[in-house]
């Protein structure tokens, strides 16, 4: 089992070698984008879910980035896109940030003096439409190894109706949906935990809790401390700067009642250019919202008092 000693290992080892797929050195001020999109060649035995897990991605990540491929049989020699470039969530880069629309967790460990800052990012599962994961700010109040599961009455009734009755207490073991590690939040009844069904990571499948791949939460469990701040947001559209380039990332909205993505896009553009004037190619941005494949793309640049060749399609603030 990983323990708090892993933080020492990170400081002395991981932070001095090239970053893993899920660990990035935080960019300097004026940069909000990490990682890079790449491709790999599928093997005969691969599924998209296998490939996603090996590269720190979830179900929705890999499917949206490869809409024309068969999930279960992409085919030997097929080029598979890995959408491993991310616009960092808006707001403070501290603690844990969960972006539900993105099915993704970001962890910003506090850097030691004189050392670079890092961000770690992992795919997550979230609550189903009838068991939504709540939004808001909370914190980690306890860490449990091999947790027992006490299913609420509503969950027991649901399982009973489906012919799969649950006991009042599910002990640790392969049938326990919490897996080996759980981080309890100050929101009563909500956890960030492992899972005994890893194929569902990156989907809306839980009763409101946040699930992670077993290997991911094992790693994270040894790093986060009690009282770590957790911010839960629902941001299907993200804007960020990559030097003088304005970058946008778009995901499908979770609920029908959520704000229209184009309206949200306009609001975020205004926010992103509040202190740094920029130009937005509206037509391209609208196309990216329509595609909503989670792959960041350049949609503008720092204000340079220019128009496109047609004299249209550019919004400047």
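The values are calculated or read from the model by the stated rules, or taken from the named source; none is laboratory data. All of these numbers come straight from a predicted model, not from anything done at the bench. Using ideal geometry, Cβ is built from the backbone for each residue, glycine included, and neighbour counts are taken over all protein chains shown.
Observations on the structure shown:
Yes or no, residue by residue, for (1) outside the structural domain of residue 275 (by TED's automatic domain parsing); (2) touching a residue at least 12 places away in the same chain (Cβ under 8 Å); (3) closer than 30 Å to residue 295 by Cβ:
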| position | (1), (2), (3) |
| --- | --- |
| 156 | yes, yes, no |
| 170 | yes, yes, no |
| 174 | yes, yes, no |
| 178 | yes, yes, no |
| 182 | yes, yes, no |
| 195 | yes, yes, yes |
| 211 | yes, yes, yes |
| 245 | no, yes, yes |
| 249 | no, yes, yes |
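- Restricting the stretch 117-135 to residues that are surrounded by fewer than 14 Cβ atoms within 10 Å (Cβ to Cβ) and over 18 Å from residue 95 (Cβ atoms), the residue that is nearest to the chain's Cα centre (by Cα) is 129.
- Residues that are touching a residue at least 12 places away in the same chain (Cβ under 8 Å) and either in a loop (DSSP other than H, G, I, E, B) or in the same structural domain as residue 134 (by TED's automatic domain parsing) (or both) were ranked within the stretch 255-294; the one that is farthest from residue 135 (Cα to Cα) is 277.
- A search for C-beta distances below 7 Å between a residue of the stretch 102-117 that is assigned by TED's automatic domain parsing to the domain that holds residue 209 and without any contact (Cβ under 8 Å) to a residue 40 or more places away in the chain and any residue that is surrounded by 21 or more Cβ atoms within 10 Å (Cβ to Cβ) and in a loop (DSSP other than H, G, I, E, B), counting only pairs 6+ apart in sequence or on different chains, returns nothing.
- Members of the stretch 228-250 that are more than 19 Å from residue 273 (Cα to Cα) and either modelled with pLDDT of 95 or more or in a strand (DSSP E or B) (or both): 228, 229, 230, 231, 232, 233
- Number of residues in the stretch 23-51 that are over 25 Å from residue 118 (Cβ atoms) and surrounded by fewer than 15 Cβ atoms within 10 Å (Cβ to Cβ): the value is 5.
- Screening the stretch 113-215 for strands (runs of 3 or more DSSP E) wholly inside it with 2 or more residues that are within 30 Å of residue 26 (Cα to Cα) returns the ranges 118-123, 136-145, 181-185, 191-193.
- Test set (1) in the same structural domain as residue 215 (by TED's automatic domain parsing); (2) in contact with a strand residue (DSSP E or B) (Cβ under 8 Å, 6 or more places away or on another chain); (3) farther than 25 Å from residue 271 by Cβ - residue 138 fails condition number: (3)
- Boolean, residue 73 is assigned to a loop (DSSP other than H, G, I, E, B), in contact (Cβ under 8 Å) with a residue 24 or more places away in the chain and surrounded by 19 or more Cβ atoms within 10 Å (Cβ to Cβ): no
- From 179, 163, 189, 173, residue being at positive phi and at pLDDT 90 or above: 179
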